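These notes are about the structure you will find just below.
The values are calculated or read from the model by the stated rules, or taken from the named source; none is laboratory data. Note that this is a predicted model, so its numbers are computed, not measured. Heads up, the Cβs are rebuilt from the backbone with ideal geometry, glycines too, and the neighbour counts pull from every protein chain shown. Ligands, DNA and RNA are excluded from the accessible area calculation, which covers all protein heavy atoms including side chains. Shrake-Rupley method; radii C 1.70, N 1.55, O 1.52, S 1.80 Å.
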Amino acid sequence: MQILRVGLFILSLCVCLTAHASPRVGDKLSSEIKVETDIGIKRIPLPNGEWTTVSTRNLPSTPTFGGSEANKFTELIFAKSHNGIMTHLLYVYLNTTSGVSRYSNELCKKKVEGRFYENKYLADVWEQACLEVHHSAEFLVVSSADKAPWSNVRTELRRSGISYPSSLLNIRYRRYDEKGQWLTYRLSINPMTFGFPDFNGKWANSPWHKDFLGRDSRRMSLMNSVLQAALEIRRTLDWHFMNSTERSPNIAFPLGYESD
């Protein structure tokens, strides 16, 4: 009987640990994110430093055409800060169940003028991938920020006493394949970290807009550095996408991107 009790205790402990394999709000992570899926625990690489989980959601299935039933997804958002200021934000969106399906919302289908860089380097119907570098404005200010997940992010940052900028520089990687695997990975950088003043205005009028970057050599230099970082991140994430349950190479920021 004693052996049975010990066995049941160990079993319940394993179930508990398994249930919390994925990050929860408030969790602090470094080097990688672990997410439980139907093919095992996926290990998504994190850039250097300590990251705090500020939002998590399990999302309904995405509509698909053909193949098996639609897949389920999880959405995770992490923040990095220094001296009470948000320096980086990371948005990760991935499938937790798998099935051979073609997603109805094709990646990178819409081109947006004003983006600094766009490359759709896989364009097959059943396998698509793209990399973008662009700026965003009015972060957590526009009406969409009143809805999840951004309302969650805003609440958690404020609760932690962390201020956030209006402008961000973004690296966005997106990919899916014929097996139903999907990954969106968007790394956002606060340009104030590099000594630039925050811009609180419309996207089209931002000094980080591609049409205006040529007027400021320092801004252009930083965007070129962000692009080089994006190309390095793409190589790491391409490796991860094909080996998602194995530990990925680290993502290291060049040119002092670490704020710690």
Quiz item: In segment 155-165, is there at least one residue being under 13 Å from residue 86 (Cβ atoms) and among the acidic types (Asp, Glu)?
Solution: yes
Quiz item: Among the residues of segment 223-244, is any among the hydrophobic types (A, V, I, L, M, F, W, C) and more than 18 Å from the chain's Cα centre (by Cα)?
Solution: yes
Practice problem: Might you check whether a residue that is at pLDDT 95 or above, under 27 Å from residue 206 (Cβ atoms) and either assigned to a loop (DSSP other than H, G, I, E, B) or open to solvent by less than 30 Å² (accessible area, probe 1.4 Å) (or both) occurs anywhere in segment 97-107? | Solution: no
Quiz item: Is segment 188-198 home to any residue that is of a type in the set (A, V, I, L, M, F, W, C), crowded, with 17+ Cβ neighbours inside 10 Å and part of a strand (DSSP E or B)?
Solution: yes
Quiz item: How many residues are among the hydrophobic types (A, V, I, L, M, F, W, C) and either free of Cβ contacts under 8 Å to residues at least 24 places away in the same chain or open to solvent by 70 Å² or more (accessible area, probe 1.4 Å) (or both) when one looks only at segment 199-218?
Solution: 2
Exercise. Restricting attention to segment 25-43, report how many residues are part of a strand (DSSP E or B), of a type in the set (Asp, Glu) and free of Cβ contacts under 8 Å to residues at least 40 places away in the same chain.
Key: 0
Quiz item: For segment 195-234, how many residues are among the hydrophobic types (A, V, I, L, M, F, W, C) and in contact with a Gly (Cβ under 8 Å, 6 or more places away or on another chain)?
Solution: 3
Exercise. Could you list all residues from segment 164-185 that are closer than 12 Å to residue 94 by Cβ and either outside any loop (DSSP other than H, G, I, E, B) or among the acidic types (Asp, Glu) (or both)?
Key: 173, 174, 175, 176, 182, 183, 184, 185
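Is it the case that some residue within segment 219-234 is assigned to a loop (DSSP other than H, G, I, E, B) and modelled with pLDDT of 95 or more?
No: segment 219-234 contains no residue that is assigned to a loop (DSSP other than H, G, I, E, B) and modelled with pLDDT of 95 or more.
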Quiz item: When the residues of segment 130-163 are filtered to those that are under 17 Å from the mean Cα position of the chain (by Cα) and in a loop (DSSP other than H, G, I, E, B), which remaining residue is surrounded by the most Cβ atoms within 10 Å (Cβ to Cβ)?
Solution: 139
